[in-house]
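I have placed the structure first, in the form of structure tokens, so that the comments after it can refer back to it.
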Amino acid sequence: MGITFMKSSSWRSKSAISGAFYVHQYKPDFSELYIICGGKLVVLNGNINEGLMEDDGGGIMVAKIKEKPSIKSLLGRIFCERRKCSSLPSTNQDSVKHRWDNNVEELGNYFQQLLSLNLDEEIDMLQANPMESDTPESINSNMNDEEKMEAVQCKIDEAHEAIILKKKETKADVERHAKAKSAIDLCNAKAEDLETQIKEEVTQRLEIKNVLDIEKEKLFEVKREVEESKNRLNSFKDLQVELSNKLQKSSQARANAVAQLEMAAVTRAKMVMEIVELRRQRDVFQRRIEFCREKDALRMVARSNELRCGYREYMAEDIRLATDDFYERLRLKVSGDWSNVYRGRINHSTVAIKMLNSVNGMSQEDFQAKVRLLNDLRHPHLVALMGFCSELTCIIYEYMHNGSLRDILFTPQRSCRKINRNRVLCWYDRIRIACKVCSGLSYLHSAKPRPIVHGHLTTSNILLDRDLVAKISGFGLRQHHDHYDIRLDIRAFGVLLMHMITGRNWAGLIEDATVEDQAALIKVLDEKAGKWPSDLAVELAKISVKCMSVCRRANPDLQIATVMEELHELKKKADELRARGGFEVVSNENVNSEDSNEAPSVFLCPIFQEVMKNPHVADGFSYELEAIEEWLKMGHDTSPMTNLCLKHKFLTPNHTLRSLIHEWQNKGANLPC
């Protein structure tokens with residue numbers, strides 16, 4: 001930092017001032033510039049009062065003196081205003097701006113001149129004051145008159161010179177005044193321009209403020225929307241978290257469901273295996289049951305022969321007692337002049353008694369021979385012989401509770417409510433019955449020394465027991481059978497199969513069956529048998545047609561054993577199909593009809609074997625009033641059931657049983673036949 005002393009001289013050189021301003025312009029920022037003017041220290045610093053102002057053209061720095069404001073500060077302010085406002089465009093002030101730009105150099109020179117003049121005047125005033133104070137004293141004290149006159153003359157000359165100088169100064173002042181006026185006009189125009197710019201700036205500021213307010217409102221709206229978006233985003237985040245939790249739970253539930261499904265699949269596979277095993281066991285058990293039924297049938301036949309009556313001859317009185325003296329209501333079947341069949345009871349067992357008509361001229365020797373032959377024929381599917389009576393020429397057989405196959409297949413609808421006539425055979429039972437009948441017929445044809453020909457194999461001679469086990473009856477009673485061929489039995493068996501397939505019995509059936517193709521046979525299947533398996537029905541129809549054509553040249557060498565093998569194969573397929581549950585064994589309608597129409601055993605009269613209308617109690621058992629009265633009128637004093645002596649002959653009405661029978665009959669009347 002340095003201090004510069006600048007002394008003014010009489011020639012008022014401007015170079016020193018310009019140099020001072022040059023130093024002020026290019027001095028470092030950390031230094032300060034001081035000027036000694038009139039014995040006083042003047043600080044040229046931009047931070048004092050108005051600070052420093054710079055000219056655009058020449059770069060002259062002007063400092064406002066703190067003690068004495070002068071015209072230079074005003075011009076400096078004008079110059080600064082010009083620099084600050086030069087950036088604001090205004091189309092209305094183009095002329096003023098152009099004028100200002102043209103005179104800016106002149107104003108600068110004028111400003112420099114004013115500064116130099118002011119500085120010279122101040123210096124002259126400072127120098128003149130001591131001279132004026134010293135001159136009178138020197139003249140008065142040290143000079144004589146001449147010297148004084150010379151001094152005065154000098155003063156006058158100086159005054160004259162001063163006047164001339166003042167005139168020049170006045171002229172210069174006039175010029176300066178004109179220049180000042182021009183500068184003032186220019187400054188006024190600039191001031192007006194600045195005021196206009198200020199107004200425009202105020203207007204622009206207002207507009208900018210309005211725009212700013214609008215933008216602030218928009219910004220506020222944007223902020224509000226951002227806040228709402230943040231809130232929605234937070235809600236979405238919460239929803240996402242909730243959905244994520246639900247998804248996780250759903251995934252866990254799905255995994256659990258998949259695991260349960262796999263366990264269910266494994267369990268199902270195990271159950272399927274168990275079902276297959278159970279079906280196999282059921283098939284085995286069914287075969288065992290059939291075997292046991294056949295075994296029981298053989299045992300019952302043997303027991304009947306050994307324990308009950310055996311192969312023995314009964315007296316005529318026993319036969320009359322068993323049939324209640326051939327009571328008409330106990331007769332089961334009438335066969336013209338050949339035979340009558342009655343139902344009777346011998347040794348507390350129900351039997352069938354076939355009366356042979358003596359008109360046919362059968363001798364006792366022939367009758368005894370036939371009885372011995374029938375006794376030798378023992379087979380589970382042949383009706384067993386229980387005994388005979390030579391006096392009455394009758395043969396006693398085991399009783400078949402379900403009647404004949406004809407009664408089941410061809411019973412008309414009006415007779416559907418008769419007892420033991422309402423059983424409906426399903427397709428599986430029909431195949432099984434065909435196998436059993438074929439087995440019995442094969443046994444007859446394999447007899448030694450020569451085959452036994454039935455000669456009249458029809459649905460009437462196929463009887464069914466309680467378990468629907470088929471047995472052949474009416475064999476071995478013809479006197480001459482040598483001229484009968486076994487092919488007649490095979491053909492009759494084919495007709496029997498066709499009857500079981502179609503459930504029909506009319507003239508021309510055989511001819512139609514042999515002419516029609518397999519599709520036609522399927523169309524005439526018996527609907528009461530349920531839904532026939534088509535393949536099994538076709539195979540059974542083929543066997544039937546083959547048997548019916550045995551008397552022709554197509555199958556002259558057909559044997560019943562071959563037919564039996566084919567039927568056994570067919571029955572195996574039916575057993576497998578039934579074990580798999582592929583087809584219903586019997587329709588629900590038939591089952592319901594059977595369950596609703598078959599009378600309970602307690603409703604049957606022990607004598608008539610029919611549903612009682614007026615039941616009465618005699619010996620602890622209930623009988624039909626008409627039956628027990630006729631029993632007593634015949635002189636019997638024993639019980640029809642126990643064969644024990646009756647303690648009394650009083651009959652008591654069984655009202656409870658009668659009401660139950662009436663209720664059962666009313667229910668049966670509402671069911672379709």
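In this entry, Ser235 is excluded by the filter for residues that are part of a helix (DSSP H, G or I), of a type in the set (Gly, Ala, Ser) and surrounded by 11 or more Cβ atoms within 10 Å (Cβ to Cβ). Using the structure shown, decide if Asp318 is at pLDDT below 85 and on the phi < 0 side of the Ramachandran plot. No, not satisfied. For region 428-450, filtered to residues that are over 18 Å from Pro380 (Cβ atoms) and modelled with pLDDT under 85, the residue that is surrounded by the most Cβ atoms within 10 Å (Cβ to Cβ) is Arg450. Condition first: basic (Lys, Arg) and at pLDDT 90 or above. Can you find one or more residues in region 232-253 that meet it? Yes - at least one qualifying residue is present in region 232-253. One residue stands out among those in region 399-427 that are part of a helix (DSSP H, G or I) and closer than 23 Å to Ala492 by Cβ: the one that is modelled with the lowest pLDDT, which is Phe410. For region 266-279, indicate whether the set of residues that are farther than 26 Å from Arg578 by Cβ, of a type outside the set (S, T, N, Q) and at pLDDT 90 or above is non-empty. Yes, the conditions are met somewhere in region 266-279. In region 321-337, the residue that is modelled with the highest pLDDT out of those that are basic (Lys, Arg) and touching a helix residue (DSSP H, G or I) at 6+ places or on another chain (Cβ under 9 Å) is Arg329. Could you go through region 462-470 and let me know if any residue there is in a loop (DSSP other than H, G, I, E, B) and modelled with pLDDT under 85. Yes, there is a match, as at least one residue in region 462-470 is in a loop (DSSP other than H, G, I, E, B) and modelled with pLDDT under 85.
Among the residues of region 432-473, those that are in contact with a strand residue (DSSP E or B) (Cβ under 6 Å, 6 or more places away or on another chain), of a type in the set (A, V, I, L, M, F, W, C) and farther than 24 Å from Trp532 by Cβ comprise Leu463, Ile472.
Of the helices (runs of 4 or more DSSP H) lying entirely inside region 564-673, those carrying at least 2 residues that are at pLDDT 70 or above, among the hydrophobic types (A, V, I, L, M, F, W, C) and over 45 Å from the mean Cα position of the chain (by Cα) are 625-633, 655-669.
The values are calculated or read from the model by the stated rules, or taken from the named source; none is laboratory data. Predicted model, so just to flag it, every value in this text is computed and none were measured. Note that each Cβ is placed from the backbone with ideal geometry, even for glycine, and that neighbours are counted across all protein chains shown.
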